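*Asks:* One structure follows; several queries about it will come next.
The values are calculated or read from the model by the stated rules, or taken from the named source; none is laboratory data. Predicted, not measured: the structure shown is a model, and the values here were computed from it. Don't worry about glycine lacking a Cβ; one is built from the backbone with ideal geometry, like all the others, and counts go over all protein chains shown.
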Amino acid sequence: MNLKFRNRIALYTTLAVALMTALVFVIIYTVVHHTAYAHLDKDILQEKEEVINNLDWNSDSIIIHKMPEWDEAEHSKVEVNPTFLQIVDLKGKVIFHSTNLLHDQFLYGPDIDDDFFFNGELSLQKIRLGQFPIKNDAGKLIGHLTIAISRQESYTVLHNLVLVLILAFPFVLIILFIASSLAAAKAIQPVMQLIRTASGITDATIGTRLNLPPHKDEFYDLTQTINDLLGRIEESMLRQKQFTSDASHEIRTPLAAIRGTLEVLIRKQREPAAYQAKISGIIQQVDRLDRLLDQLLELARIESGITKPKHEPVQLAALLTALDIKWDDAVEAKGITLSISIPEEVIVNCDKLFLEIILDNLVHNAIKYGKEQGHIFIQWHEGPGSLSIRDDGHGIPEEHLPNIFSRFYRVDPSRSSSIKGSGLGLSIVKKLADLQSISLVAQSMPGEGTVFTMSFPR
C-alpha cells in the first residue's frame, strides 16, 4: 500500500487508538452488563429469602405455607413486573408455582447443589432465573426453588448500548483518521521544508546548509545530521577535485617530458649515442608514469575496500633481511649505512604483503630524503611492541607533519624539487596500516631527521 508518510502516521495512530477504543467499549459493556445483572440477581435473592422463610419441611418433604402476597399482581400476572416461582421435589414434580407461570415449567438442573443464575425466555419475554437448593435441618437436599424476574429492561439497555457502540465505532475512527492526518501534515511540515531545500542543492550549491529549526527536537537533530552530511560530501568533492587535479598534474609532467624529448629528437639527425641518451630519459619518464599509475591503482583498491588484509604471524627479522637485499642499490648509491636491530624471536600478527609494502615505502622514503653518507636505523622496541625507522636527513617542518599522509602532498609545494616522487607513497602506507589496526606516527626535527614508529596490535 503506497501511502504518504502523513497518511501512514494517521493510519497507524488510528489502528492503535481503534484497539484502545475497542478495549474501552468492551470494558464499558462488561461493566454495564455486570451491573445490570447483579441488580437483577440481588432482587432474586431477596425474593428467595422471603420464600424460604415461608417454607417448612420434614425429613424428606417440603411443606408450603401459602402466603396472601403470593396472589399479588407480581406473582399472578405476566404484564406488570412479574416474578415467577416454582418449587419441585427431588423427583422433579412441581409442588408449587406462581399463578402467572400458568402451564409452563422451568427447566432446572437436578444436580446443582448451589445457587445458580442464568438467562432464559418465557412467553417471548426475557427473564433472569435463579435456581436454589432446598435443604432440611440436617442439610439434606429435598427440592429446588426457581425464581425468575423480567430482564427485558436490562436486555433493552444492553442491546441499545451495543448498537450505539457499534455505530459510534466507525465514526470515531473516521474522525480520528482525519484529525491524525491533519496533525501529521502539520507535524511533518519541517520535513517537507527540508525536502524542498535539499532537492534544490546541486554540485554548484553544495555549500548550502539547511536552516536549523528553532526547537532542539528530532527535526533539529535531523537537520543537523543532513548539514553534517552535506559538509562531508562537500569535503569529499573538494578532495576528489584536488585528487583529479593532482593526478592530472602528476601524469602530465612525465608526458610533457616525453613529448619534449621526442620533439627534440625529430628536429634533426643525431648520433646514436645522443639518441640513446634521449631514449633512456624517455624510459625513465615512462617508468615514473608506470609507478604512478600502479600507486593510483593500489590506492583506489584500498579505498574501495577490494584489498582486504590477512592476519598471520610474520617473523619481522626474516622479512627485513629479505627486503634489505632489495634496498642495496639505493643505499649504496647515496653511501647510506642501513642498520637493522630486530631480535629473531619477534613475531607480529599482520598481513605479510601489506607489511612489505609499508616497510618498502618507509625505507625508500628515508633513503630518498636522507642525506648523503647518512644513516638509517630500523629498530624494534620490546616494551611498547613497536618498530621505528629513523633517518638523519633534513627532517620535516612541524607545520607539514599533519599532512604528510595526504595524497599528493609534498613538503616542497613547487613540485620542482630535485627529489622526484608522486606524493602517494605515505598515503598508501597510512591506509594499509589503518586496515590492520597498526598505529603509524611520524616525528621529525628539522636538521636532525625523521622517525616513523609503527605500533602493532597485541
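*Asks:* Does Ile378 meet the test of being in contact with a helix residue (DSSP H, G or I) (Cβ under 9 Å, 6 or more places away or on another chain), at pLDDT 90 or above, among the β-branched types (Val, Ile, Thr) and surrounded by fewer than 19 Cβ atoms within 10 Å (Cβ to Cβ)?
*Replies:* On the way: in contact with a helix residue (DSSP H, G or I) (Cβ under 9 Å, 6 or more places away or on another chain): yes; at pLDDT 90 or above: yes; among the β-branched types (Val, Ile, Thr): yes; surrounded by fewer than 19 Cβ atoms within 10 Å (Cβ to Cβ): no.
Spelling it out, it is not the case that Ile378 is in contact with a helix residue (DSSP H, G or I) (Cβ under 9 Å, 6 or more places away or on another chain), at pLDDT 90 or above, among the β-branched types (Val, Ile, Thr) and surrounded by fewer than 19 Cβ atoms within 10 Å (Cβ to Cβ).
*Asks:* In the set Leu167, Leu194, Leu210, which member is outside any helix (DSSP H, G or I) and either at pLDDT 80 or above or surrounded by 15 or more Cβ atoms within 10 Å (Cβ to Cβ) (or both)?
*Replies:* Among Leu167, Leu194, Leu210, only Leu210 is outside any helix (DSSP H, G or I) and either at pLDDT 80 or above or surrounded by 15 or more Cβ atoms within 10 Å (Cβ to Cβ) (or both).
*Asks:* Okay, next question. Kindly list the number of the only condition in (1) in a helix (DSSP H, G or I); (2) within 30 Å of Pro82 (Cα to Cα) that fails for Lys126.
*Replies:* Here Lys126 clears every test but (1).
*Asks:* Only one of these is at pLDDT 80 or above, closer than 30 Å to Asn211 by Cα and either of a type in the set (Lys, Arg) or not in a helix (DSSP H, G or I) (or both): Arg232, Arg239, Arg259. Name it.
*Replies:* Arg232
*Asks:* Got at least one residue in segment 209-222 being touching a residue at least 40 places away in the same chain (Cβ under 8 Å) and farther than 27 Å from Asn7 by Cβ? Please lay out each step first, then the result.
*Replies:* Quick first cut of segment 209-222, residues touching a residue at least 40 places away in the same chain (Cβ under 8 Å) only: none.
The answer is no, given that none of the residues of segment 209-222 is touching a residue at least 40 places away in the same chain (Cβ under 8 Å) and farther than 27 Å from Asn7 by Cβ.
*Asks:* Out of curiosity, is His159 farther than 18 Å from Gln86 by Cβ, of a type outside the set (A, V, I, L, M, F, W, C) and free of Cβ contacts under 8 Å to residues at least 60 places away in the same chain?
*Replies:* Here the answer is yes, as His159 does meet what is asked.
*Asks:* Also: What residue, among those in segment 267-307 that are exposed (fewer than 10 other Cβ atoms within 10 Å of the Cβ) and not small (Gly, Ala, Ser), is modelled with the lowest pLDDT?
*Replies:* Among them, the one singled out is Ile306.
*Asks:* Also, quick follow-up: Residue under question is Ile396, and the condition is that it be buried (at least 20 other Cβ atoms within 10 Å of the Cβ), at pLDDT 85 or above and closer than 15 Å to Phe452 by Cα; does it hold? So that I can check it myself, show each step before the final result.
*Replies:* Numbers: buried (at least 20 other Cβ atoms within 10 Å of the Cβ): no; at pLDDT 85 or above: yes; closer than 15 Å to Phe452 by Cα: yes.
The answer is no for Ile396.
*Asks:* Within segment 423-442, track down each residue that is closer than 13 Å to Leu362 by Cβ and either modelled with pLDDT of 90 or more or not basic (Lys, Arg) (or both).
*Replies:* Selection gives Gly425, Leu426, Ser427, Ile428, Val429, Leu432, Ala433, Ile438, Leu440, Val441, Ala442.
*Asks:* Being over 30 Å from His39 (Cβ atoms) and either surrounded by fewer than 16 Cβ atoms within 10 Å (Cβ to Cβ) or modelled with pLDDT under 85 (or both), is that true of even one residue in segment 143-153?
*Replies:* No, that holds for no residue.
*Asks:* Here's a follow-up. Given the condition assigned by TED's automatic domain parsing to the domain that holds Phe132, hydroxyl-bearing (Ser, Thr, Tyr) and not in a helix (DSSP H, G or I), answer yes or no: does some residue in segment 143-152 qualify?
*Replies:* Yes - at least one qualifying residue is present in segment 143-152.
*Asks:* Now, a different point. Among (1) of a type outside the set (D, E, K, R); (2) within 23 Å of Met445 (Cα to Cα); (3) surrounded by 17 or more Cβ atoms within 10 Å (Cβ to Cβ), there is one condition Gln373 misses while meeting the rest; what is its number?
*Replies:* In the conditions (1) of a type outside the set (D, E, K, R); (2) within 23 Å of Met445 (Cα to Cα); (3) surrounded by 17 or more Cβ atoms within 10 Å (Cβ to Cβ), Gln373 misses (3) alone.
*Asks:* Among the residues of segment 217-225, is any touching a Gly at 6+ places or on another chain (Cβ under 7 Å), surrounded by 11 or more Cβ atoms within 10 Å (Cβ to Cβ) and not in a strand (DSSP E or B)?
*Replies:* No, every residue in segment 217-225 fails to be touching a Gly at 6+ places or on another chain (Cβ under 7 Å), surrounded by 11 or more Cβ atoms within 10 Å (Cβ to Cβ) and not in a strand (DSSP E or B).
*Asks:* Hey, another quick one. Among the residues of segment 315-325 satisfying the criterion of being surrounded by 14 or more Cβ atoms within 10 Å (Cβ to Cβ) and assigned to a helix (DSSP H, G or I), which is farthest from the chain's Cα centre (by Cα)?
*Replies:* Asp324
*Asks:* Related question: Which residues, counting only those in segment 120-134, are under 21 Å from His33 (Cα atoms) and modelled with pLDDT of 90 or more?
*Replies:* Arg128, Leu129, Gly130, Gln131
*Asks:* Taking interchain pairs and intrachain pairs at least six residues apart, which have beta carbon atoms under 6 angstrom, with the first residue in segment 99-127 and closer than 20 Å to Gln46 by Cβ and the second modelled with pLDDT under 80 and among the charged types (D, E, K, R)?
*Replies:* Asn100/Lys77
*Asks:* So, in segment 100-119, exactly how many residues are at pLDDT below 80 and polar (S, T, N, Q)?
*Replies:* 2
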